[in-house]
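Read-outs: derived from the displayed coordinates by stated rules, not from any lab. Remember, predicted model here, so these are calculated numbers, not experimental data. Cβ atoms come from the backbone with ideal geometry, glycine included; neighbour counts cover every protein chain shown.
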2 protein chains.
Amino acid sequence: HARKVPDATGHPKLCVVMVGLPARGKSYIAQKLAFYLNWVQVDTQVFNLGAYRRKLLQDSSSAQFFHPNNQEARQKRRLIALRALEDMFEWHAQGGMVGILDATNSTRKRRQLIVDRCRERDTEVFFVESVCEDDDRIQETIKSVKIGLPEYQYMNEPQAIADFKARIEYYRQLYSPLCQKVDGLKSFIKIVNVGSSFLVNRLEGYLASRIVRFLMNVHIKQRTIYLSRHGESEYNQLQRIGGDSDLSERGQQYATRLHEYMSSQKVTDMKVWCSTLKRTLSTTATFSNVKSWKALDELDAGECDGKTYEEIKEENPTLASQRDLDKYYFRYPRGESYHDVVLRLEPLLFEIERTGDVLIVCHQAVCRCLLAYFQRIDNIEQKLPYLEVPLHTVLKITPDSYGCKIESVKLGPESVSTHRPRATPTPPPSNEEKEQ
Amino acid sequence: HARKVPDATGHPKLCVVMVGLPARGKSYIAQKLAFYLNWVQVDTQVFNLGAYRRKLLQDSSSAQFFHPNNQEARQKRRLIALRALEDMFEWHAQGGMVGILDATNSTRKRRQLIVDRCRERDTEVFFVESVCEDDDRIQETIKSVKIGLPEYQYMNEPQAIADFKARIEYYRQLYSPLCQKVDGLKSFIKIVNVGSSFLVNRLEGYLASRIVRFLMNVHIKQRTIYLSRHGESEYNQLQRIGGDSDLSERGQQYATRLHEYMSSQKVTDMKVWCSTLKRTLSTTATFSNVKSWKALDELDAGECDGKTYEEIKEENPTLASQRDLDKYYFRYPRGESYHDVVLRLEPLLFEIERTGDVLIVCHQAVCRCLLAYFQRIDNIEQKLPYLEVPLHTVLKITPDSYGCKIESVKLGPESVSTHRPRATPTPPPSNEEKEQ
Ligand SMILES: Nc1ncnc2c1ncn2[C@@H]1O[C@H](COP(=O)(O)OP(=O)(O)OP(=O)(O)O)[C@@H](O)[C@H]1O
Ligand SMILES: Nc1ncnc2c1ncn2[C@@H]1O[C@H](COP(=O)(O)OP(=O)(O)OP(=O)(O)O)[C@@H](O)[C@H]1O
Ligand SMILES: [Mg+2]
Ligand SMILES: [Mg+2]
């Protein structure tokens, strides 16, 4: 898949090795990172060693399994790590780019094993360590995600918490954090106390810098992202794409309702962002301190701007069917593809990740790209261009344990629908099939 | 100047405090950073304490001035620091955003003084420390830039080197590097051994993250950036802007000459980047492994795309004169401004900074934006849109002590000129005035 190689002369095969005691957010970080990379079309997969272990041991590993003197268990854990590595190499061979080994990888020996195996396979290694000694944070993590693990299904809460804490202490006995003296030649980032500081060592290569840039911008504080399209526009009513028309009367009403809704949310210190186009500027006109971003502008339909889908199909049927075949990568002549939009949104996404509460008012295709990221949909190329983002509806996005909760709030009033369902592969010439 | 505020709810007033022994690249980093920020329209100014000192002492400070026991000199240095701070505050009051205090700031006391004064003025503080114990690197810096300082004009080379080394040792006696234990609440980046590792502490705010992102991507290894426009296109010959035409015959010849020239440069492992438009793809067609970036596409002239300047002026004289008035910020209807292009080039610039030898084939406006960065022109808004970047010419850009050397290599063949000189404020209706 040539389109996916981000940098022909770079190193497309990377192994990211998570490091850290249990309950340090390794899986959280691994999953978030994987989703971000997949979003920008860098094929990424997480190999979670806990999942391998649970499969092998049929969900029954109590803390004793992690006791440093349990030789049999140590042997098993080594085999699990090797199995995951092999799976990753196979996946690399099939075109995968970034494999993330999600495990504690807490001993030097284990990390050296990984480095050696990767060297044999010409695979770069980048370590991501999470160090955290904030006891409240860890207690919170154990309570919210650890006591629900399959291995604790037959324990009560205090038992499970005690068992998990024992597991942490067993790991601690053998744990060597990455350190510059010993690991000076390794490439790594150490995330200290949930991002209050970072140590970055020997940052090299396109993928690793991208990863670091991302990790340095995310935070886990509570906040809400409100995502909305502009109110219904005159062009929406005419079913024309693109353009720079103003709001319809109903669109104006939506602007009012949006303002009322946001006031009811009682967010202090909320940012408001829109695009440079009239319809988002008008939708946010009643807010103060609105920042207008060119990066939020609608997907540029190039030569097809201002037309209806029917006109496009009539004037250029090949073009229309090419788009249906590969809507994600299809680039309008002199315009953009969904993939182009994702790439231009990347710096803005970093801002979203970095910031607190924010209301983002943009456009259908741009909403789809952002929603795909927060919703962590799989198979982006297939699904992203068809995500439903109705007009006059706010998506309220709040982070939870590993992903986001997304609530769809229909504010109204009624509006046209601009959603075009996926065309069936061999379109029969019926009436229902007509694109709207 | 509302357009310049990057983030209305952020902290537009920042004081960046350089920290480090002499010859650690502080001024180099400060200047590079300042230029980058100005390029993205974040008003930045460097306050170099060496310059204040030289003015006060009339260029005569030998190492003795820096002796820890020289009480009188210490008093003077404190006054100099306070003067620079005052100047920075005044500049902030006039709309400046990032003031960079370029000095050793090597004692805790001095840094605390700065923090306290900034707090009184509601100014955020971000420290940038450079630590380097690579003796060869420092020797090299002393030889290449330090012995030429005004204070050494009457010394020979060995004397000057010895004096500068004595200065370093005097500073070392009082130097406290930033450390997480003591400075844990401060916001800082520590750059260790020319970027081989970084420590980032309490990164907060839009500007500081942008600064960190930049500093983590720059390197000082030798390399060359070759910048070129595409070969002459059919539209160039017709004096039409934009479009997606192919090369003229002469443009094809340029492509051949460019390939020959690059071969003669004997660069191993060179990257080749172009835009997504035919004329740059054709210009680089004979290279292998070319990466095509949408970010390198020509400034989008929106509704004026494909027209000649004369047609634009005829159809919409107001538009044409608006553009002449403020060419940098002028955005074509449904198109882009130079400023928009700079912003979309920013992620690509990070790639350029991160990478080694590279040939970039793009377009007039895009070349202007990149050239402005490397040439570090002042008064960007006024000058950038008028930089001359002729067709069929390669700009060979190599970094030197504090900036870049830029060599213009005319490869030919002859081509049309697409340069439009600045319109005079009150255009007399003469013939010379006509835009080409
Ligand atoms: N950098 C971080 N440091 C500490 N905690 C974090 C960090 N990032 C996220 N978290 C928290 O960690 C929680 C999830 O923990 P996670 O399951 O990822 O831990 P883990 O390190 O994978 O543990 P285990 O070794 O048991 O698999 C999240 O709910 C989040 O609040
Ligand atoms: N991060 C770095 N660490 C060490 N040297 C660097 C770094 N970045 C750039 N340099 C080198 O430093 C040289 C310039 O030194 P510079 O004048 O900036 O030192 P300085 O710290 O400002 O010294 P002084 O305290 O005398 O003003 C450049 O030529 C460059 O090669
Ligand atoms: Mg985990
Ligand atoms: Mg200096």
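Remarks
- Scoring B:290-296, B:228-234 by mean Cβ neighbours within 10 Å over their residues and listing the highest first yields B:228-234, B:290-296.
- A simple charge model with +1 on the Cβ of Lys and Arg, -1 on the Cβ of Asp and Glu and nothing else charged puts the dipole of the stretch B:256-335 at about 460 debye relative to its Cα centre.
- Degrees, to the nearest 10: B:108-120 long Cα axis against longest axis of chain B: 60 degrees
- Gyration tensor verdict on the stretch B:291-342 (Cα atoms; rounded if a/c is under 1.5, prolate if a/b is larger than b/c, oblate otherwise): oblate
- The DSSP beta bridges internal to the protein assembly as shown are antiparallel in roughly 40% of cases.
- Simple point charges give the picture: +1 on the Cβ of Lys and Arg, -1 on the Cβ of Asp and Glu, and for the protein assembly as shown a dipole about the Cα centre of about 3540 debye.
- Couplings 3J(HN,Hα) of the stretch A:26-37, computed from phi: 4, 5, 4, 5, 4, 5, 5, 4, 4, 5, 4, 5 Hz, in residue order, whole Hz [Karplus 6.51 cos²θ - 1.76 cosθ + 1.60, θ = phi - 60°; x for Gly and Pro].
- Centroid-to-centroid separation of the stretch B:110-138 and the stretch A:59-127 [C-alpha atoms, Å]: 42 Å
- For the stretch B:199-350, with +1 on Lys and Arg beta carbons and -1 on Asp and Glu, the positive-most of B:Ser288, B:Ile220, B:Val267 along the dipole: B:Ile220
- What the Cα convex hull of the protein assembly as shown gives, in volume per residue, is 206 Å³.
- Karplus 3J(HN,Hα) series, Hz, for the stretch A:391-402 with 6.51 cos²θ - 1.76 cosθ + 1.60 (x for Gly, Pro): 5, 6, 9, 9, 9, 9, 10, 10, x, 10, 2, 10
- Mean ellipticity per residue at 222 nm, deg cm²/dmol - from DSSP H runs of n ≥ 4 across chain B, formula -39500 (n - 2.57): -12000 deg cm²/dmol
- Zone residues, the stretch A:283-321, relative to B:Asn316, backbone N less than 19 Å from point 7 Å out along Cα-to-Cβ: A:294, A:297-298, A:300-307
- Projecting 7 Å from Cα along the Cα-to-Cβ direction, the label point of B:Ala285 sits 5.1 nm from its equivalents in the other copies, listed shortest first.
- Reachable aspartates and glutamates from A:Lys76, criterion Cα separation under 15 angstrom, eight or more residues apart if same chain: A:Asp59
- Helix B:338-354 and the longest principal axis of the Cα set of chain B meet at an angle near 60°.
- Shortest-first distances to equivalent copies, position A:Glu140, nm, label 7 Å out along Cβ: 4.6
- Farthest positive-ward along the protein assembly as shown dipole, Cα basis, beta-carbon charges - from A:Pro158, B:Pro390, B:Phe350: A:Pro158
- The stretch A:375-422: C-alpha gyration tensor shape, a/c 1.5 cut-off, then a/b vs b/c: oblate
- Using alpha-carbon coordinates, inclination of helix B:206-215 to the longest axis of chain B, degrees: 90 degrees
- Pairwise centroid distance, computed over Cα atoms, of the stretch B:332-377 with the stretch A:298-325, Å: 30 Å
- Comparing A:His67, A:Val42, A:Ala30 along the charge dipole axis of the stretch A:29-160, the residue lying farthest to the positive side is A:His67, per the Cβ-charge model.
- Note on chain B: with a GNM built from Cα contacts shorter than 10 Å, the maximum mean-square fluctuation among B:Val145, B:Val267, B:Val182 falls on B:Val182.
- Cβ-based net charge around A:Gly184, under 14 Å, with every Lys or Arg adding one and every Asp or Glu removing one: +2
- Order by protection proxy (mean Cβ within 10 Å, highest first), peptides B:390-398, A:380-388: B:390-398, A:380-388
- This model, with +1 at the C-beta of Lys and Arg and -1 at the C-beta of Asp and Glu, gives the stretch B:109-242 a dipole about its Cα centre of some 380 debye.
- Potential lengthening between B:Asp400 and B:Ala51 on full extension [0.36 nm per residue; Cα-Cα distance subtracted]: 123.5 nm
- Across the stretch B:150-165, coupling constants 3J(HN,Hα) worked out from phi with the 6.51/-1.76/1.60 Karplus curve, θ = phi - 60°, read x, 5, 9, 5, 9, 10, 7, 4, x, 4, 4, 4, 4, 4, 5, 5 Hz, and Gly and Pro carry x.
- For chain A, share of DSSP beta bridges that run antiparallel, in % to the nearest 5: 35 percent
- Summarising the amide proton neighbourhood of B:Leu359: residues at separation of 5 or more, or on other chains, whose placed amide H is nearer than 5 Å comprise B:Tyr226, B:Lys271, B:Val272, B:Trp273.
- Each copy carries A:Trp91; placing its label point 7 Å along the C-beta direction from Cα gives inter-copy distances of 5.0 nm, listed from smallest up.
- Nearby lysines by direct alpha-carbon distance to A:Lys410 (threshold 25 angstrom, same-chain neighbours under 8 apart not counted): A:Lys266, A:Lys271, A:Lys278, A:Lys291, A:Lys383, A:Lys396
- Bridgeable lysines around A:Lys143 (alpha carbons under 25 Å apart, same-chain partners fewer than 8 residues away excluded): A:Lys26, A:Lys32, A:Lys55, A:Lys165, A:Lys190, A:Lys221, A:Lys405.
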